[in-house]
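**Q** Please see the structure below; I have some questions.
Please treat every number below as a calculation from the coordinates, not as lab data. Note that the structure is a prediction, hence the values are computed from the model and not measured. Reconstructed Cβ throughout: ideal geometry from the backbone, glycine too, with neighbour counts over all protein chains shown.
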Amino acid sequence: MATKPLSIGVIGANFGAAVHIPAFQSEGLEVVAVFSRNEQRARDTAQRFGIPHAFTDYRRLLDLPDLDAVAIASPARQHHEMTMAALDAGKHVLCEKPFASNQQQARELWQKAERSSLTTMIAHEFRFASGRRRVRELIEEGYLGTLHKAIISLVTGPTTGFPVRPLTERDATFEGGFLFSLGSHYIDCIRHWLGEVTVVTGQVQVLAGVRTDPATGAPVQAAADDAFHFVLELARGGTAEMTGTNVAPFGPGGHVALYGSEGTIITPHEGRGYNPPAKGVILAAKAGDAELKRLPIPDRLEPITDDRDDRLGPFRNLTREFLRGIETGASPAPNFYDGYRCQQILDAVRESSATGRRVAIPAE
């Protein structure tokens with residue numbers, strides 16, 4: 001007798017519709033419901049993907065009989081409430097990053113998940129990009145020797161200037177800023193490659209934040225940051241620093257460089273947008289080499305390719321880990337503990353920016 005496919009509901013119809021739903025359906029999950037606060041968007045998404053239920057109340061989605069799991073792809077400020085409700089309802093949870101609004105919320109979610117028998121993961125899908133997987137292997141093989149410094153830049157922006165536009169819901173809160181939305185992915189990458197962080201210094205800025213009030217047309221200031229810089233001191237030694245902004249016209253994109261006592265590894269993705277490509281490029285050299293050379297990425301690290309969206313291959317690999325966790329009763333990394341540790345660092349960057357002080361990250 002065929003095994004019934006796992007049923008999942010998707011809370012959020014923006015990124016949820018772009019990546020979550022196509023990935024789940026491609027991996028054999030039955031997407032039985034979608035939630036959006038916008039009724040028309042919920043209905044259109046359900047019709048587009050052949051989903052039987054569309055809701056504007058996420059609690060009605062959680063009340064569906066025989067629902068096994070939930071993917072939460074709503075704005076970050078809603079993650080705590082929705083994830084708590086999903087855990088209370090006994091559902092396995094795949095939650096988008098950033099995990100929560102602050103580390104207190106993130107800790108509550110992590111500890112609640114630990115007390116349950118449920119599988120809980122964070123959607124840091126770029127851990128499963130083949131280039132990033134290979135870099136982790138090279139580090140573990142000792143290619144760098146002792147890490148001296150990691151330098152990351154994500155510098156991009158519009159080429160058409162900065163016309164004043166109406167304030168959006170995302171603009172109005174710090175959770176919608178560039179640090180939380182993109183910095184979180186790179187902080188997770190640093191932890192995954194280089195281990196835990198002990199001390200943080202940082203700065204967040206709003207460089208092009210003038211908006212208009214949608215109701216009155218009066219000028220208002222966005223709360224969401226559009227630039228940040230941080231330096232992380234690492235428990236294993238060395239430092240990792242990152243500069244990010246999305247208001248740098250003609251900015252080159254992303255670039256990650258790791259420098260150690262015995263070698264260098266660079267993963268450029270200039271011109272590829274905000275995210276690392278699914279496969280990517282690795283340039284590296286050992287002490288004594290004449291120059292950087294391109295290293296091959298084994299096919300075994302990229303079991304899925306999906307031409308519909310460059311994010312779908314890594315996300316489908318993440319989905320397979322989620323399914324494996326449910327089958328084995330585990331919460332594979334990146335899990336809610338990883339989400340909590342990332343949130344500590346995000347909070348510390350903001351605290352350092354506000355106080356001008358170095359912020360210690362306690363060991364757990």
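**Q** If each residue's Cβ is checked for other Cβ atoms within 10 Å, how do 245, 119, 146 rank with the fewest at the top?
**A** Details: 245 21, 119 25, 146 11.
Lowest to highest Cβ neighbour count: 146, 245, 119.
**Q** Rg (Å, one decimal) plus Dmax (Å, integer) for the alpha carbons of the stretch 298-364?
**A** Looking at the stretch 298-364, its Cα Rg and Dmax stand at 17.3, 47 Å.
**Q** Over all directions, how big on average is the projection of the convex hull of the alpha-carbon atoms in the stretch 40-199, in square nanometres?
**A** Values: hull surface 55.2 nm².
Result: 13.8 nm².
**Q** What whole number of Å gives the distance from the Cα centroid of the stretch 129-163 to the Cα centroid of the stretch 300-361?
**A** 15
**Q** From Cα coordinates alone, what are the radius of gyration and Dmax values for the stretch 241-332 in angstrom?
**A** Answer for the stretch 241-332, Rg first and Dmax second: 16.8, 49 Å.
**Q** Let me ask another. Which percent of Cα-Cα pairs in the stretch 1-79 sits in each 5 Å bin, short to long?
**A** Using 5 Å bins, I get a P(r) of 3, 17, 31, 27, 14, 5, 2, 1, 0 for the stretch 1-79.
**Q** Separate question: For residue 327 paired with residue 57, estimate the spin-label separation in nm (one decimal), with each label point 7 Å from Cα along the Cα-to-Cβ line.
**A** Placing both labels 7 Å along Cα→Cβ, they lie 3.7 nm apart.
**Q** Can you pull the one-decimal nm distance between simple spin-label points at residue 235 and residue 81, each 7 Å off the Cα toward Cβ?
**A** 3.5
**Q** Using the 10 angstrom Cβ neighbour count as an exposure proxy, how do 122, 304 rank, fewest first?
**A** Numbers: 122 30, 304 18.
Ordered by Cβ neighbours within 10 Å, fewest first: 304, 122.
**Q** Rounded to two decimals, what is the ratio between the C-alpha radius of gyration of the stretch 99-187 and 2.2 N^0.38 Å? Please report the intermediate quantities before stating the final value.
**A** Values: Rg = 18.3 Å, N = 89, 2.2 N^0.38 = 12.1 Å.
Normalised by 2.2 N^0.38 Å, the Cα Rg of the stretch 99-187 equals 1.51.
**Q** When the expected Rg is taken as 2.2 N^0.38 Å, what fraction or multiple of it is the alpha-carbon Rg of the stretch 194-289? Don't skip to the end; give the middle numbers.
**A** Details: Rg = 18.1 Å, N = 96, 2.2 N^0.38 = 12.5 Å.
Relative to the 2.2 N^0.38 Å estimate, the stretch 194-289 comes out at 1.45.
**Q** Take 178, 336 and order them by how many other Cβ atoms sit within 10 Å, fewest up front.
**A** Values: 178 22, 336 26.
If I rank by nearby Cβ atoms, fewest first, I get 178, 336.
**Q** In addition: Evaluate Rg over Rh across the chain, taking Cα atoms for both radii and Kirkwood's formula for Rh.
**A** Details: Rg = 20.7 Å, Rh = 21.4 Å.
Rounded to two decimals, Rg/Rh equals 0.97.
**Q** Return one quarter of the surface area of the convex hull spanned by the alpha-carbon atoms of the stretch 1-132, equal to its mean projected area, in nm². Numbers along the way, then the final one.
**A** Numbers: hull surface 35.7 nm².
Reported value for the Cα convex hull: 8.9 nm².
**Q** Among the DSSP beta bridges whose two residues both lie in the chain, what percent are antiparallel, rounded to the nearest 5? Please report the intermediate quantities before stating the final value.
**A** On the way: 42 of 70 bridges.
Of all bridge pairs located within the chain, approximately 60 percent are antiparallel.
**Q** Something else about it: Can you list the residues of the stretch 67-83 with backbone N under 14 Å from a point 7 Å past the Cα of residue 102, pointing along Cα to Cβ?
**A** Residues 77, 80 fall inside that zone.
**Q** To continue, here is another question. Calculate, in whole percent, how much of the Cα-Cα pair population of the stretch 117-244 lies beyond 19 Å. Mind showing how you got there, number by number?
**A** On the way: 4829 of 8128 pairs.
It works out to 59 percent of all Cα pairs.
**Q** What translational D, rounded to a whole number of µm²/s, comes out for the stretch 55-128 from Stokes-Einstein when the hydrodynamic radius is the Kirkwood one over Cα pairs, at 4 °C and 1.567 mPa s? Before the final figure, lay out the partial values.
**A** Numbers: Rh = 12.5 Å.
Answer, rounded: 104 µm²/s.
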